[in-house]
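Reading through the structure tokens given below for one structure.
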Amino acid sequence: MGPLITAAHRDRVVGLVGTAESEGAKVVADGRAVKVAGAPAGFYVGATVIDNVQADMTLAREEVFGPVLNVMRMDGLDAAIEQANRSSYGNGAAIFTRSGAAAREFKHRVKAGMVGINVGVPATMAMFPFTGWDDSFFGDLHIQGREAVQFYTQTKVVTTRWLEEESGDVWKK
């Protein structure tokens, strides 16, 4: 991963990791002090994994936009979907499962613009553009799925009114 866009954003990401730690989450892999040898100057944060993130923690309520993975443990699929759908953000969601039924249920019920099944990042290929839902959405259309087809489709609206030939009255079916 390359550097973050600004020093202010790097400091925000590092601050969110520190806040998670002070709120009781466990930093399993800490990328806050990463140094990239031979790289040009930049605002680097290394891969960071935080376990035991709870729904009321700042890290669970904020969109990080950095190399930080929150691990939130749930009692079951319904609880996980409910937790994901409580967020005001809807960029991406992923599930790791061996159950086709759980994967199907998750993909239909979770509110997110990109959904992954057994993949860490829902848009795993470069040809899949970014999209999101709710407060994660920027722009005026989602470039995947139905809206992409609509974008490249020329539509037509036709308004008609039929008159009966004999009486001139508006035709009624």
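Go through (1) over 24 Å from residue 146 (Cα atoms); (2) open to solvent by less than 80 Å² (accessible area, probe 1.4 Å); (3) assigned to a strand (DSSP E or B) and name the single condition residue 32 misses.
Of everything listed in (1) over 24 Å from residue 146 (Cα atoms); (2) open to solvent by less than 80 Å² (accessible area, probe 1.4 Å); (3) assigned to a strand (DSSP E or B), residue 32 misses just condition (3).
Quickly run through region 55-78 and pick out the residues that are open to solvent by less than 90 Å² (accessible area, probe 1.4 Å) and either in a loop (DSSP other than H, G, I, E, B) or touching a residue at least 60 places away in the same chain (Cβ under 8 Å) (or both).
55, 57, 62, 63, 64, 66, 67, 71, 72, 74, 76, listed by residue number.
Of all residues in region 35-49, how many are under 17 Å from residue 4 (Cβ atoms), surrounded by 14 or more Cβ atoms within 10 Å (Cβ to Cβ) and hydrophobic (A, V, I, L, M, F, W, C)?
Total meeting the criteria: 2.
Right, residue 88: in contact with a helix residue (DSSP H, G or I) (Cβ under 9 Å, 6 or more places away or on another chain) and loosely packed, with under 13 Cβ neighbours inside 10 Å or not?
Yes, satisfied.
Of all residues being within 17 Å of residue 60 (Cα to Cα) and basic (Lys, Arg) in region 1-36, which is nearest to the chain's Cα centre (by Cα)? Just the residue, please.
This residue is 12.
The values are calculated or read from the model by the stated rules, or taken from the named source; none is laboratory data. In this text the structure is predicted, and so the values were computed from the model without any measurement. Here the Cβ is made from the backbone with ideal geometry for all residues, glycine too, and neighbour counts use every protein chain on show. We work out accessible area using only protein heavy atoms, side chains counted, and drop any ligands, DNA or RNA first. Shrake-Rupley method; radii C 1.70, N 1.55, O 1.52, S 1.80 Å.
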